[in-house]
Amino acid sequence: MNFIHAAFLASGLAIAIPWLLHLTKKRKYLRVRLGSLQFLQPLVRDRHRMSRVEQWPLLMARCLAILLLALIFSRPFFHQTEPSSPLQGEVLILLDASGSITPQQADELRAQAAKTISSLPPAAKPVIAEVADRVTILPSLDAYHPIPGAAGSPSTAVDWVVDRAAANPDVTGAVHWFTDLQKSQLPQSPGRLWPSGLPVEIHTAAAPGDRNASISQIDLLTPFGGDSWEVEARVQVSGMPGDQPISLTLTTTDGKSVQSSTPAAGGTAVFKWKGEASKGLLSGDVAITGSSDPWPADDHRPFAFKTTQPIKVLLVDGDPTESRFTSETYFLQKALHASSAGKALSPFRAEVSASLPAPGQAVDVIAVCNPPGLSSSNCRLLSGYLEQGTGLIICLGNRAKATGWTSSDAEAVFPPGIQIATTPALDTLRHLDLSHPALAGMTMDTFSSLRMLPLQRRFSWPESSDWKNVMEFSDGSPLLSISANRRVAIFTHQVNREGADLPLDPAFVPLMQNVFSYLAGADHHKSQTAVLETRTPTLEETRPPGFYPGEAASVLISADNEESDISTVTDANFRKALGLPAIDAPAPEAMEINTLKDSPHERAGEFWPWLVAILFLLLAVESALAARRNPNPVSSPAHAN
Amino acid sequence: MAAAHSFEDPHDFLAIEDLELASRGIVEGIWQGLRRSPFRGSGVEFESHRDYRFGDDPRHLDTSVYARTRRLCVKDYRAETNLPLYMMLDCSGSMDVSNGSSEKWAYAARCAAALGRLAINAQDAAGLSLLGNEVVDHRSPRTGRTHFQNLLGMLGQAKPSGGGSLASAIREVSGFCRRKGVVVVFSDFFDHPAETVSALTRLAAARHDVIAFQVLDPYELELPGDGDLEIEDAETGKILRLSAADVRAAHADAVVKWRDDFAARCRAVGIQHFSVTTNQPIAGSLVEFLQGRTVQ
């Protein structure tokens, strides 16, 4: 029997208290004088001074109650597991099957495991299991094969051992763990409590090399490349650095091959090439050229990126004579090409033109900036583009003339009855319809500065059900109006620095990008490729790293990055990180098997509740004994008979 | 004053220090309880004639009967009732037991005083002996009020104390009891019963009418309560601590058995045994005692 709080046993010394009380207790005696004691003496034992303790049963009951209390607080328990030697019952053989185990190491560990199993006593029952992302029991050692690129999880192995030992009391032998003591997969601190009294022996196989270069990450820098791509690959080197640069080869699925390199200590390499992405998916493989380290699984990494066609925008400069750097088209182009993503380019490809495009060009959005007016032919041309799905935005400015908007075909591209003020009035933005798709994703905070900006109000037209004012001035005049039937937007303010210096407002770029995305019908540009799922090799996913396209979902399997770190720890640190018992340490202090089912504050084998029940019984007995001692009042002789 | 009290109430007589008054009251109480004198009257009383036999005293020949019938007859007289009363009181320490309002010695003294008064009133002689380890004091039986006063004085001054062998004291005092009489021994008879009965038997063999008048304290028959008791031996002073609950029943059984055994021993040798406890009315006890004698 052991105790969780053995110090409480000292409180058992308190049994001296009832002893002292019983010894010093001055009992009240009624003095009675009788003619002779000859009848009483045989009935009553002579009391010696030394045995002045009255009521031995009561004293014993009280002492026992105190001892029981001390025992209860010390929380005694019985060991449920026997010391490790001699080995009996199940012996767990854990084999590391993660990607850091090379085939040579696997052979060596397999041989060690076989030797260990053969040296077990006949009563031992070896259970062979391999450990990667999870633990799987193997029928034999021959079934043990590390998975290239698979992640290892020593914590998972510990959990498995703990659960198995808790569920199966037959696990009384040792645990033999065959691993490479890799550092990268160890947890920061031990997880669950290792079963008490269950020793673990670590068997290692030295790594066949001291250096491992791996490709840890591949990023597409130009998701909207269209036909011009940039891919960045990150190379990490674990162990001893080499002295030669690391050559890399990128090979696309359609056979394109691009070379690049990193320094010997690793780094990033960028691959650039031109080509089409098949079905909106750019896929291929980056490999270390001429790699000779013992871990080939991480020497190449497949990639597959969903691509999106850029939005082609044609910015038609309504005043070509204006300086290029002051015209509306300049600022619009800048706004559209601005990118908030890290290295990704803007989805827009904006070109400036001095005139309207000829019919049939592949354009997603045409922006006509500050035209004096639109003739019928212009309108017919633009209507043609609208018919083929192109979006149109007309940015009105100071060059707009009142008579330039009265053509018979004007209704197709701009609201009827445009009225142009001779002198623009200063006004501010008052109304925003954030529910309109053209402003999707934008908030009032985005427009906080724009709402304070004094803008030039020049244009107005009668309300019409065909046109929705998404942004309005304080008098209801439109700042941005969008057609309800076609992808046409009218912006009634100059988009250069004249007047309100609108391009410098923080809302300008997101506003223009949102509106142009809406006009381009951005949903049409989304990739139609299947769902792309990324995985690492596991005990279940045994396919080697690569890209596996499918109808419903494509799978990208690449080696686990942490397994590429071949740095190791010592046996002692390995044990310490996982909470395993030390090599030569005696059986750890009595901590019972702890599982997810057990309360962390309870130990198996505790029997204090039984002691409490006994204590209650004892207190009942003590009460009964004490009640017997309650003296009755003595009656007078007249009533004695 | 004493006559005004009911004889059912023993405590009043015990409370009366003056034995003269107490005894008078008790006797009056006794008279109330008895229909005739417990003691027969003094004097010779003719009972019947019988034929003369050789050896009879010629002085007892009835000449008138001879004159009438020419038969020689002698007068036969009733047995003499003027028997002296020898009262022997145990004044050893065991009689000095007083629990509550009952006192063994006082009770026995008052009984003796009352019996003595009865005897004196009946013109009988009464004597008193105080017995301890030996005869402490002795007054031979006499008649007369003055003698009775002396007896009361003896009782009043006596204090029970010390140990004693009642048997040896009885044997010693029996030498003073030359005349046949009634011997009443007042004691608790805790002393060796066999020896005591033997001594009493010796008295009975001397043609005395011996009565063992046993006086006990109620606690000597049954321990009080169920609590803790500190029992003091009145004779030796020895202390015994016990729990009444533990020994109560066994003690009562032992005492009853001892008393019954003593009574049986007495009866076996023709000694009367009468036992009272001090919580019983004195007068009632004596009435019962005397009625028992009358029935005999």
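The values are calculated or read from the model by the stated rules, or taken from the named source; none is laboratory data. For clarity, every value in this text was computed on a predicted model and none was experimentally measured. Cβ atoms come from the backbone with ideal geometry, glycine included; neighbour counts cover every protein chain shown.
Under the condition of being outside any helix (DSSP H, G or I) and of a type in the set (S, T, Y), which residue from the range A:420-458 is farthest from the chain's Cα centre (by Cα)?
Taking the range A:420-458 as the starting set, the residues that turn out to be outside any helix (DSSP H, G or I) are A:420-436, A:440-443, A:448-449, A:453-458.
If we keep only those that are of a type in the set (S, T, Y) as well, we get A:422-423, A:428, A:435, A:443, A:448-449.
On the way: A:T422: 60, A:T423: 59, A:T428: 45, A:S435: 33, A:T443: 29, A:S448: 35, A:S449: 37 Å.
Once the filter is applied, the top-ranked residue is A:T422.
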All-but-one check, B:V210 against (1) under 20 Å from the mean Cα position of the chain (by Cα); (2) within 10 Å of chain A (Cβ to nearest Cβ), failing number (2)
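Rundown of residues vs (1) among the acidic types (D, E); (2) touching a residue at least 24 places away in the same chain (Cβ under 8 Å), yes/no style:
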| site | (1), (2) |
| --- | --- |
| A:T443 | no, no |
| A:Q456 | no, yes |
| A:D466 | yes, yes |
| A:F473 | no, yes |
| A:R487 | no, yes |
| A:F508 | no, yes |
| A:L519 | no, yes |
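Would a scan of the range B:229-238 turn up a residue that is surrounded by 18 or more Cβ atoms within 10 Å (Cβ to Cβ), within 20 Å of A:Q38 (Cβ to Cβ), more than 8 Å from every other protein chain (Cβ to nearest Cβ) and among the β-branched types (V, I, T)? Write out each step before concluding.
Of all residues in the range B:229-238, those surrounded by 18 or more Cβ atoms within 10 Å (Cβ to Cβ) come to B:229, B:231, B:233-235.
Now narrow it down to the ones that are within 20 Å of A:Q38 (Cβ to Cβ): B:229, B:231, B:233-235.
Of the ones still in play, those that are also more than 8 Å from every other protein chain (Cβ to nearest Cβ) are none.
So far as the range B:229-238 goes, no, none of its residues is surrounded by 18 or more Cβ atoms within 10 Å (Cβ to Cβ), within 20 Å of A:Q38 (Cβ to Cβ), more than 8 Å from every other protein chain (Cβ to nearest Cβ) and among the β-branched types (V, I, T).
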request  = Answer yes or no: is there a residue in the range A:347-358 that is under 47 Å from the mean Cα position of the chain (by Cα) and of a type in the set (F, W, Y).
outcome  = yes
B:P224 vs (1) facing another protein chain (nearest Cβ under 7 Å); (2) outside any strand (DSSP E or B); (3) closer than 20 Å to B:S187 by Cβ: all pass except (3)
Here the residues within the range B:239-256 that are more than 7 Å from chain A (Cβ to nearest Cβ) and either within 18 Å of B:D90 (Cα to Cα) or over 22 Å from the mean Cα position of the chain (by Cα) (or both) are B:I239, B:S243, B:A244, B:A245, B:D246, B:R248, B:A249, B:A252, B:D253
Across (1) surrounded by fewer than 18 Cβ atoms within 10 Å (Cβ to Cβ); (2) at pLDDT 90 or above, A:L68 clears everything bar (1)
Taking the range A:490-503 and keeping residues touching a helix residue (DSSP H, G or I) at 6+ places or on another chain (Cβ under 9 Å) and outside any loop (DSSP other than H, G, I, E, B) leaves A:F491, A:L502, A:P503
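Counting only residues that are part of a loop (DSSP other than H, G, I, E, B) and facing chain B (nearest Cβ under 7 Å), which one in the range A:26-37 is modelled with the lowest pLDDT?
Ranking the candidates gives A:R27 first.
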The correct count of residues that are within 14 Å of another protein chain (Cβ to nearest Cβ) and either under 12 Å from the mean Cα position of the chain (by Cα) or not basic (K, R) (or both) in the range B:257-275 is 5
Residue set A:P122, A:P126; condition free of Cβ contacts under 8 Å to residues at least 60 places away in the same chain, closer than 15 Å to A:E201 by Cβ and not in a helix (DSSP H, G or I); output residue A:P126
Across (1) modelled with pLDDT of 90 or more; (2) surrounded by 15 or more Cβ atoms within 10 Å (Cβ to Cβ), A:L426 clears everything bar (2)
Of the residues in the range A:357-371, those that are over 24 Å from A:R458 (Cα atoms) and surrounded by 18 or more Cβ atoms within 10 Å (Cβ to Cβ) come to A:V363, A:D364, A:V365
Counting only residues that are in a strand (DSSP E or B) and either in contact with a Cys (Cβ under 8 Å, 6 or more places away or on another chain) or closer than 30 Å to A:Y518 by Cα (or both), the range A:286-326 contains a total of 10
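Residue-by-condition table, conditions (1) buried (at least 24 other Cβ atoms within 10 Å of the Cβ); (2) within 14 Å of chain A (Cβ to nearest Cβ); (3) in contact (Cβ under 8 Å) with a residue 60 or more places away in the chain; (4) of a type in the set (A, V, I, L, M, F, W, C):
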| position | (1), (2), (3), (4) |
| --- | --- |
| B:S94 | yes, yes, yes, no |
| B:K104 | yes, yes, yes, no |
| B:Y107 | yes, yes, yes, no |
| B:R110 | yes, no, yes, no |
| B:N121 | no, no, yes, no |
| B:E134 | no, no, no, no |
| B:R139 | no, no, no, no |
Taking the range A:429-463 and keeping residues surrounded by fewer than 18 Cβ atoms within 10 Å (Cβ to Cβ), in contact with a Phe, Trp or Tyr (Cβ under 9 Å, 6 or more places away or on another chain) and among the charged types (D, E, K, R) leaves A:R430
When restricted to A:L392, A:L374, the only residue crowded, with 20+ Cβ neighbours inside 10 Å, assigned to a loop (DSSP other than H, G, I, E, B) and either in the same structural domain as A:Y518 (by TED's automatic domain parsing) or at positive phi (or both) is A:L374
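Could you count how many residues in the range B:141-153 are free of Cβ contacts under 8 Å to residues at least 24 places away in the same chain and farther than 23 Å from B:A169 by Cα?
First, the residues of the range B:141-153 that are free of Cβ contacts under 8 Å to residues at least 24 places away in the same chain: B:142-143, B:146, B:150, B:153.
Still in the running and farther than 23 Å from B:A169 by Cα: B:143, B:146.
Qualifying residue count for the region: 2.
Just to be sure before I move on: is A:T329 in a helix (DSSP H, G or I), under 30 Å from A:L502 (Cβ atoms) and not hydrophobic (A, V, I, L, M, F, W, C) in the structure I sent? Step through it out loud before you land on a result.
Working: in a helix (DSSP H, G or I): yes; under 30 Å from A:L502 (Cβ atoms): yes; not hydrophobic (A, V, I, L, M, F, W, C): yes.
Taking the combined requirement at face value, the residue satisfies it.
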Sole miss for B:T278 among (1) more than 24 Å from A:P42 (Cα to Cα); (2) in contact with a helix residue (DSSP H, G or I) (Cβ under 7 Å, 6 or more places away or on another chain); (3) more than 12 Å from chain A (Cβ to nearest Cβ) is condition (3)
Taking the range B:251-275 and keeping residues surrounded by 14 or more Cβ atoms within 10 Å (Cβ to Cβ) and either in contact with a Pro (Cβ under 9 Å, 6 or more places away or on another chain) or over 18 Å from A:L40 (Cβ atoms) (or both) leaves B:A254, B:W258, B:F262, B:A263, B:R265, B:C266, B:V269, B:I271, B:Q272, B:H273, B:F274, B:S275
Counting only residues in the range A:205-223 that are touching a helix residue (DSSP H, G or I) at 6+ places or on another chain (Cβ under 9 Å) and not polar (S, T, N, Q), the one nearest to A:G546 (Cα to Cα) is identified as A:I215
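Scan the range B:198-207 and give yes if some residue there is among the hydroxyl-bearing types (S, T, Y), farther than 26 Å from B:A113 by Cβ and at pLDDT 90 or above, otherwise no. Full working, then the answer.
Applying the first criterion (among the hydroxyl-bearing types (S, T, Y)) to the range B:198-207 yields B:198, B:201.
Going one step further and asking which of them are farther than 26 Å from B:A113 by Cβ, we end up with B:198, B:201.
Narrowing further to those that are at pLDDT 90 or above: B:198, B:201.
Yes, there is a match, as at least one residue in the range B:198-207 is among the hydroxyl-bearing types (S, T, Y), farther than 26 Å from B:A113 by Cβ and at pLDDT 90 or above.
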Of the residues in the range A:232-263, those that are free of Cβ contacts under 8 Å to residues at least 12 places away in the same chain and part of a strand (DSSP E or B) come to A:S257
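Within the range A:264-282, can you find the residues that are free of Cβ contacts under 8 Å to residues at least 40 places away in the same chain and within 31 Å of the chain's Cα centre (by Cα)? Break it down stepwise before answering.
Within the range A:264-282, the first condition is being free of Cβ contacts under 8 Å to residues at least 40 places away in the same chain, and the residues that meet it are A:264-265, A:267-269, A:278.
Answer for the range A:264-282, where residues must be free of Cβ contacts under 8 Å to residues at least 40 places away in the same chain and within 31 Å of the chain's Cα centre (by Cα): A:A265, A:G267, A:T268, A:A269.
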